[in-house]
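The values are calculated or read from the model by the stated rules, or taken from the named source; none is laboratory data. Since this is a predicted model, take the numbers as computed values, not measurements. Neighbour counts run over all protein chains shown; Cβ positions are idealised from the backbone, glycine included. Accessible surface areas use protein heavy atoms only, side chains included; no ligands, DNA or RNA. Shrake-Rupley method; radii C 1.70, N 1.55, O 1.52, S 1.80 Å.
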Amino acid sequence: GKLSASDPSLASYGPFKVFQFEARAGERLSAVLRSEEFDAYLRLSRPVAGITDELEADDDRGGETDARIRFTVPASGSYLLIAESAEPGGTGAFTLSLEATAPPTTAAPRPIRVGQTVTGELAETDAIQTDDDTYYDTWTVEARAGQRLVATLSSDAFDPYLWFGRDDERGEFEALAASDDGDVAGDSSAARLRVTVPEDGRYRIHANSLD
């Protein structure tokens with residue numbers, strides 16, 4: 001499509017066009033808005049009783065100035081993708097794609113022992129952290145109350161980010177500590193965190209990327 005000055009626009013953004021699609025509950029979908037002529041901004045919404053309820057929005061997760069939203073459909077029905085310029089007055093040609101996203105196939109937790117070093121790779125088949133659209137691998141460690149642990153994640157391919165925590169009573173990950181930097185502030189090749197274990201049990205380490 002193409003955004004033009006004659007398209008409707010919001011106060012703080014540029015022109016937009018709306019596309020509707022039908023989806024089933026539980027579907028995993030990925031929408032990408034690309035343009036070489038304007039800074040892409042993508043919204044995912046759902047019409048409910050005549051009101052447009054925004055579910056997600058993104059500016060740059062598609063790389064450079066492109067936008068991407070990955071989501072799991074919460075309920076069967078009609079949804080809207082709003083292709084928009086992030087800047088007032090932005091116009092030009094764009095492409096909007098909507099595709100099924102395969103479920104993660106390498107997201108199963110793996111064990112790591114204190115004193116052990118392991119290697120891995122972040123890939124599109126890994127689990128996705130929904131709040132920032134980043135991939136992560138999970139490692140589990142058995143630890144004792146009062147034990148002091150140091151975890152280090154190093155990579156030459158991405159800016160490492162480490163999470164340490166455990167599952168809560170609902171089975172959801174609860175972070176106890178996180179780190180972006182190594183021993184030197186601003187070091188983008190390593191992340192290191194230090195934690196004192198609060199109680200005996202199994203803990204999770206998420207090997208994640210900052211971007």
Please list, ordered by residue number, the strands (runs of 3 or more DSSP E) wholly in region 74-154 having 1 or more residues that are of a type in the set (Phe, Trp, Tyr).
77-85, 134-143
Take Thr52 and decide whether it is surrounded by fewer than 19 Cβ atoms within 10 Å (Cβ to Cβ) and within 14 Å of Leu10 (Cβ to Cβ).
yes
Can you report the number of residues in region 11-33 which are touching a strand residue (DSSP E or B) at 6+ places or on another chain (Cβ under 7 Å) and more than 24 Å from Pro104 (Cβ to Cβ)?
9
Go through (1) closer than 10 Å to Leu42 by Cβ; (2) within 18 Å of the chain's Cα centre (by Cα); (3) modelled with pLDDT of 90 or more and name the single condition Arg61 misses.
(3)
Residue set Ile51, Ile112; condition out of contact with any Cys (no Cβ under 9 Å at 6 or more places or on another chain), free of Cβ contacts under 8 Å to residues at least 40 places away in the same chain and of a type in the set (A, V, I, L, M, F, W, C); output residue Ile51
When only residues in region 133-160 that are open to solvent by 50 Å² or more (accessible area, probe 1.4 Å) and either without any contact (Cβ under 8 Å) to a residue 12 or more places away in the chain or under 24 Å from the mean Cα position of the chain (by Cα) (or both) count, which is nearest to Ala67 (Cα to Cα)?
Phe158
With respect to the numbered conditions (1) open to solvent by less than 30 Å² (accessible area, probe 1.4 Å); (2) more than 20 Å from Arg110 (Cβ to Cβ), which one is the sole condition not fulfilled by Tyr203?
(2)
From the list Ser97, Ser179, exactly one residue is touching a residue at least 12 places away in the same chain (Cβ under 8 Å), open to solvent by less than 50 Å² (accessible area, probe 1.4 Å) and under 22 Å from Glu27 (Cα atoms). Which is it?
Ser97
For region 25-59, name all the residues that are under 19 Å from Glu99 (Cβ atoms), out of contact with any Gly (no Cβ under 9 Å at 6 or more places or on another chain) and of a type outside the set (Gly, Ala, Ser).
Glu27, Arg28, Leu29, Arg43, Leu44, Leu55, Glu56, Asp58
Tell me the residue from Ile112, Ile128, Ile205 that is modelled with pLDDT of 95 or more, of a type outside the set (Ser, Thr, Tyr) and within 18 Å of the chain's Cα centre (by Cα), please.
Ile205
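Residue-wise test of (1) surrounded by 15 or more Cβ atoms within 10 Å (Cβ to Cβ); (2) touching a residue at least 12 places away in the same chain (Cβ under 8 Å); (3) under 23 Å from Gly26 (Cβ atoms).
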site: Arg61; (1), (2), (3): yes, yes, yes
site: Glu64; (1), (2), (3): no, no, no
site: Ser76; (1), (2), (3): no, yes, yes
site: Ala83; (1), (2), (3): yes, yes, no
site: Pro104; (1), (2), (3): yes, yes, yes
